[in-house]
Structures are given as C-alpha cells and as structure tokens.
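The values are calculated or read from the model by the stated rules, or taken from the named source; none is laboratory data. These figures come from a predicted structure and were not determined experimentally. Quick reminder, even Gly has a Cβ in these numbers, built from the backbone with ideal geometry, and neighbours come from all protein chains shown.
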Amino acid sequence: MSGSMKIVPSFKEYKRCNCVSIREILKLISQILIPLSIGTFTLVISIQQHNLNKENRQKDIEIAKQLRKQQYELDEQRRTQELALDEARRSQDLSISENKQRDSVFNVYIRDLTNLLLENNYQLTRPMLNLIIRPMTLTVLRQLDSTRKVLLIKFLYESKMLRTDHENMRVDLTDGDLNGIHLDSIQMDYLSLRGASLINSSFISSNLEMSDFQNVDLTNSLFLNTMLSESTFYRARLVRTQFNDSTLTLCDFHLVDLTRSFLLKEQLYSTLYNMAILPNGTQMNNQSFIFEPNDCLLNRWQLSQENSISINEQCHFIAIKDNISIRYEIGVFLMKQLIQKREAVFHFIFQTNIQTDSDLHIDFIYYNSTLTQEIRRGINLSLFLFKGEFRSFLSESAVILSKTSSKTNKSFHEYVVSAEYPTDDFRLLLEIHLNTGDIYTDWKFYIQHADFAQ
C-alpha cells in the first residue's frame, strides 16, 4: 500500500519550489534582454551613423558637384572672355585694315581726280564727266563709310562738280550709294545730289537752299532746322522723312512720295506740288504758285538810277525821272522740270495808269549774268503801249496763250505765256521801263501747271 501512495508536497514546499523557478526565469530573461537591448541600441546607433555618413557623403557629393560646376562656369567665363578678347582684337584689326583700305581708296580717288582737274585746267567735258568721273565716283562710294562719303561730297562740291549753278561741271550721282550720311551743320547751298540714294541720312542745322534732290531716295531721313528754300525734290521718295523746323519755301514737291512723312501744313502749303502723295497716302495737286514782287519795298529791285522811284501809301510804284528802268530777278529753277517739258505756263498781271502812246514798255526775259557779261536768251515777252493798248512781241520759243484787259478797269492787264526753259542756268528777269509820272502796281506772277491752265 505504501508502494502505491502518492506523496503530495506541502504548500510551503510548493511555494518555495515555484519561487526558485521564477527567479531563474527572471534571471534568464534579464540575461536575454540586456544583450538584446545593447544590440538594439548598437543597431540603432549603427543605422543612425550609417544615415549620417550617407548624408555626409551626399553633402560631399553635392559640394563636389557645386565646386565642379563653379569651376566649369569659371572656365567657361574665362574662355568666353578670351574669345571676346580675341574677337575684339580681330574686329579691331579688321577695322584698322578696313580703315586703311578706305583711306587708300579715298586718297587715290582724290589724287587721281585732282590730277585730272589740274591737267584739264578745271575745264571738264561732258564725256569726261560721264565716262570717267561718274563711274569712278560711284565705284568709290560703294567702298567708303558714311564719314568718308561726306568728305567726298564736300570735295566734289568745293570743286564745283556738285553744284546746281555749275551744270556744265556737275557729276551725275544717279544710283550713287550715299546711305546713312550726316550732312550736319554745313553751308552747301546749290548742292546737287540728284538721283542718289540717301536712305537713313540726316541734315541737321544746315543751309541747303536751292539744292537739287530730284529722284533721290530719302526714306527714313531727317531734315532738322535745315534751310531748303527753292530746292527741288522732283520725283523724290520721301517716305517717313521728317522736316522738323525746316524751311521749305518754294520747294518743288512735284510727283514726290510723302507717305508717313512729317511736315506741317504750313510747310507743305509753302511748296509747289503736283500729283504728290501726301503723308496720309492721298494724292493732291497744287494748282499754281503766286509770286508777288510788289512788297512795297525796293530792296529787291534794281534801279537804273538812284532815287528814280517813289512808293505811295497805296503801294504804287511812281516814276519821278524819265528814261529809267527797274529790274526784278525771278528764280525758276524749282519749276525747271515743268518748263522744260512745256507743262508750265506763266501768268503775268499788272496795273498801270498809262492810257496813251508812250515809249514805256515791259520786258520779260530769260537771262544769265556773270562777273564780266550779261547774256540774254531771247526776249520771250515784250509789252509796248501803242494807241492805248499794250502790244506784245515774242521770241520764237514763246507763245501767248491768252491776254486779258478789263473793260471796266483799263489799267488791268493779264498775259498767259508758255515758253521753253534754256538749257543753261538762266533766271527770269522782269524789266520795266518808265518815264516821269508812270505808275505800276499789283504785280503778280503765276507759274501754273499746264493741266490747270486749260
């Protein structure tokens, strides 16, 4: 029976047995957790260190990239500067070379032309001008810059080869390249640049009165405070051309193209224009130009004897001596094209108190005066008083289109005349012969396009 009995431990014994086991378990756990914690901490530290090292390596890479980029940019900047310096040196060398070449071309041209003038005693024939000087000049102009072009123009002008008052010596610049020149602050009246190209050019504070710009292309050019009175722009291209504060009195604007140009109405109305394209694109005609020499002053009249004319309050010219004459010069260069083509007629109007026969008469002629002589090119119109009526005598080149004498006012007379223009540089001369007591007044001289004189 004892062999089959089961021994049951007491409560204390059972409790003591369990406590030992728990300590062992806790000890075991502590033995496991401490290394585990250390390992975990070490792992975390290692990961953090790895990440830090990775970030540092990335920063080092970025810094290295930045340094390489900065170095590249510095190298590129250095190369660019070196290339720019090389290009500047090449440009400077090229500019020096071109300037030397232009100087050489210009100097050779001046030398050759001077020798030609000296050899011919400054007497150049038209074949020499057209076949030698013109081709040589146009060729040289294509090789010069704007500054040297101006010097060439001044040389030709001073040699009387670009002057409207020396037609026999004038060089034809048709198709000449004068683009971009600056004729500023100069005195060059009677300048002839006929037919040349003057695109993007300027004429500032200059005197260019009675100059010739016929058939010239002046697109985008500037005339600022420039004197241009009695100059001709016949058939010129004046697109976007500015005439700021410039004097255009009696300028010939026939058949010009003024599209988008700048000029005041007062400036335009002081010109002669026919079939002109105005700045707004419309085409207009100016029917006539009125010339009134009677300004109640004698300062522009030439008297054959001093103190031979008096002027009263009514602006009447009264002769106080016998056998005298008074003369008035009329420039018609600006109407030359119309006159040469017989597209112009002259209206001559005056009043006089003469009603009986007299030796008094009026001459209306072309003439040219020099220092040594006066050349008269045929009387185009002479008026003589005969039996109370003026009778006219004409040269072969003149035709009276009409004449009018007022029935109610017998002192009023009007003559309309067509006449050719001489080939040389002639002017019109109005010459009036008077005796004591003769009175003339209300002079008017119309130049009118033939189309409006019908």
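Only one of these is assigned to a helix (DSSP H, G or I), buried (at least 16 other Cβ atoms within 10 Å of the Cβ) and not assigned by TED's automatic domain parsing to the domain that holds LEU228: LEU117, LEU83, LEU138. Name it.
Details: LEU83 fails: buried (at least 16 other Cβ atoms within 10 Å of the Cβ); LEU138 fails: not assigned by TED's automatic domain parsing to the domain that holds LEU228.
LEU117 is the lone residue from the list that is assigned to a helix (DSSP H, G or I), buried (at least 16 other Cβ atoms within 10 Å of the Cβ) and not assigned by TED's automatic domain parsing to the domain that holds LEU228.
Note on region 149-173: residues that are more than 21 Å from VAL105 (Cβ to Cβ) and within 23 Å of the chain's Cα centre (by Cα) amount to 3. The residue list ASN220, ASN215 contains one member that is within 12 Å of the chain's Cα centre (by Cα), part of a loop (DSSP other than H, G, I, E, B) and over 13 Å from SER146 (Cα atoms), which is ASN220. For region 141-156, which residues satisfy the criterion of being surrounded by 13 or more Cβ atoms within 10 Å (Cβ to Cβ) and part of a loop (DSSP other than H, G, I, E, B)? Matches in region 141-156: GLN143, LEU144, ASP145. Look at region 148-165: where a residue is touching a residue at least 60 places away in the same chain (Cβ under 8 Å) and a partner is of a type in the set (A, V, I, L, M, F, W, C) and part of a loop (DSSP other than H, G, I, E, B), sitting 6+ places away or on another chain with Cβ atoms under 8 Å, you get THR164/MET210; ASP165/MET210.
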